[in-house]
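These notes concern the structure reproduced below.
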Amino acid sequence: MKTDSVLEKILKAGKLAVTSECGPPRGSVPEKIRQKAEQLTGYVDAVNVTDNQTAMVRMSSFAAGVFLRQMGLHPILQMVTRDRNRLAMQADIIGAYAHGINTMLCLSGDHPHFGDHPMASAVHDIDSIQFLQMVKKMRDEGRFQGGAEIENPPKMFIGAAANPFADPFELRVARLAKKVAAGADFIQTQCIYNVDKFEKWMEGVRNRGLHEKCYILGGITPLKTVGMARYMKNKVPGMDVPQEVVDRMAGVAKEKQAEEGIRICVETIERLKQVKGVAGFHIMAIEWEQKVPEIVERAGLYPRPQVE
């Protein structure tokens, strides 16, 4: 397998990769995408473009990714199985590749009842494992899922998500193994606050040799306030925020909480650098993209390596 993905080249060179995220706007306003992208330029290797995140209608990941590509950035096309059948998904994949987008993340997507169209029907024509298999077949065999040959197959570097903290914990590594077997080249994890539990998960990953079959990027989200920490601890399913992290955020003055959140974020990255099998970091600074350069610099991840 060979793609033109810059992210793949950096990972294959043994460098710690850095990705971030760019949520498309809720309207036809490309300047909002460009503003976010400008803040990330030069500090990350690739940028996830979310696909109707939290089941809220936004500019399509495909369209927003084209704007990033025009700016010289390397978008990671996120695609969920919730909103399209396999025909539409394959059509968007070859369309995105035709625009120079060669890296993607295969997801199932949040349930519509979380968003602003709770009455919407979820499609889920295929699940996330079948999705990975489909993209791999398109790339490696040059064929659509239905068997027909593809002219100029999309040579995608294929990603998937993993949550090391969801219940039941003992099945988390097995779930990852299924995604790797299905075709995942790289993995981006849920936000890591409980580093001890993440290290235990990584031990299971190494025991099965999965870190040698895919690249694992640890998910990092800086906390802005103690309120955000409490909300993520108590209200967000599959999130594991230890009480000591909440207490640490609560232990500083309100005007200093954002700085403390950045400090925790940088400390987490420094600790994860020591974990065998961690190949990089996915920094999800939700609507706080302007802080990504500071995090990357303070964590010793700047300047970014250059590849051909």
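Okay, here's what the table says:
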{"item": "Residues of segment 19-35 that turn out to be of a type outside the set (Asp, Glu) and surrounded by fewer than 22 Cβ atoms within 10 Å (Cβ to Cβ), as a count", "result": "9"}
{"item": "Of the criteria (1) of a type outside the set (A, V, I, L, M); (2) assigned to a loop (DSSP other than H, G, I, E, B); (3) exposed (fewer than 14 other Cβ atoms within 10 Å of the Cβ), which one Tyr302 fails", "result": "(3)"}
{"item": "Residue match in segment 276-288 (condition: at pLDDT 95 or above, in a loop (DSSP other than H, G, I, E, B), under 20 Å from the mean Cα position of the chain (by Cα) and aliphatic (A, V, I, L, M))", "result": "yes"}
{"item": "One residue from Arg139, Arg143 being of a type in the set (Lys, Arg) and more than 22 Å from the chain's Cα centre (by Cα)", "result": "Arg143"}
{"item": "Tally, over segment 136-177, of residues that are over 30 Å from Val241 (Cα atoms) and in contact with a Cys (Cβ under 6 Å, 6 or more places away or on another chain)", "result": "0"}
{"item": "Selection count, segment 50-64, where residues are more than 16 Å from Ala88 (Cβ to Cβ) and touching a strand residue (DSSP E or B) at 6+ places or on another chain (Cβ under 7 Å)", "result": "2"}
{"item": "Selection count, segment 250-278, where residues are surrounded by fewer than 16 Cβ atoms within 10 Å (Cβ to Cβ) and either touching a Ser or Thr at 6+ places or on another chain (Cβ under 8 Å) or of a type in the set (Val, Ile, Thr) (or both)", "result": "2"}
{"item": "Breaking point among (1) surrounded by 24 or more Cβ atoms within 10 Å (Cβ to Cβ); (2) over 17 Å from the mean Cα position of the chain (by Cα); (3) of a type outside the set (S, T, N, Q), for Gly42", "result": "(1)"}
{"item": "Enumeration of residues in segment 48-87 that are charged (D, E, K, R) and outside any loop (DSSP other than H, G, I, E, B)", "result": "Arg69, Arg86"}
{"item": "Sole exception among (1) within 27 Å of Ile10 (Cβ to Cβ); (2) surrounded by fewer than 16 Cβ atoms within 10 Å (Cβ to Cβ) for Asp116, by number", "result": "(1)"}
{"item": "Pairs where the first residue, in segment 81-101, is of a type in the set (Asp, Glu) and the second is modelled with pLDDT under 95 and not in a helix (DSSP H, G or I), C-beta under 8 Å, 6+ apart", "result": "Asp83/Gly109"}
{"item": "Verdict on Ile286 being surrounded by 14 or more Cβ atoms within 10 Å (Cβ to Cβ), closer than 26 Å to Phe114 by Cβ and out of contact with any strand residue (DSSP E or B) (no Cβ under 7 Å at 6 or more places or on another chain)", "result": "yes"}
{"item": "Of all residues in segment 88-109 being under 14 Å from the mean Cα position of the chain (by Cα) and assigned to a loop (DSSP other than H, G, I, E, B), the one that is surrounded by the most Cβ atoms within 10 Å (Cβ to Cβ)", "result": "Gly109"}
{"item": "Failed criterion for Gly147 (all others in (1) out of contact with any strand residue (DSSP E or B) (no Cβ under 6 Å at 6 or more places or on another chain); (2) closer than 20 Å to Gln53 by Cβ hold)", "result": "(2)"}
{"item": "Long-range neighbours under 6 Å by Cβ, at least six apart or interchain, first residue more than 14 Å from Ile10 (Cα to Cα) within segment 281-308, second of a type in the set (Asp, Glu)", "result": "Met284/Glu21"}
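The values are calculated or read from the model by the stated rules, or taken from the named source; none is laboratory data. Owing to the predicted nature of the structure, the values given are computational and were not obtained by experimental measurement. Cβ coordinates were reconstructed from backbone atoms using ideal geometry, including for glycine residues, and neighbour counts include every protein chain displayed.
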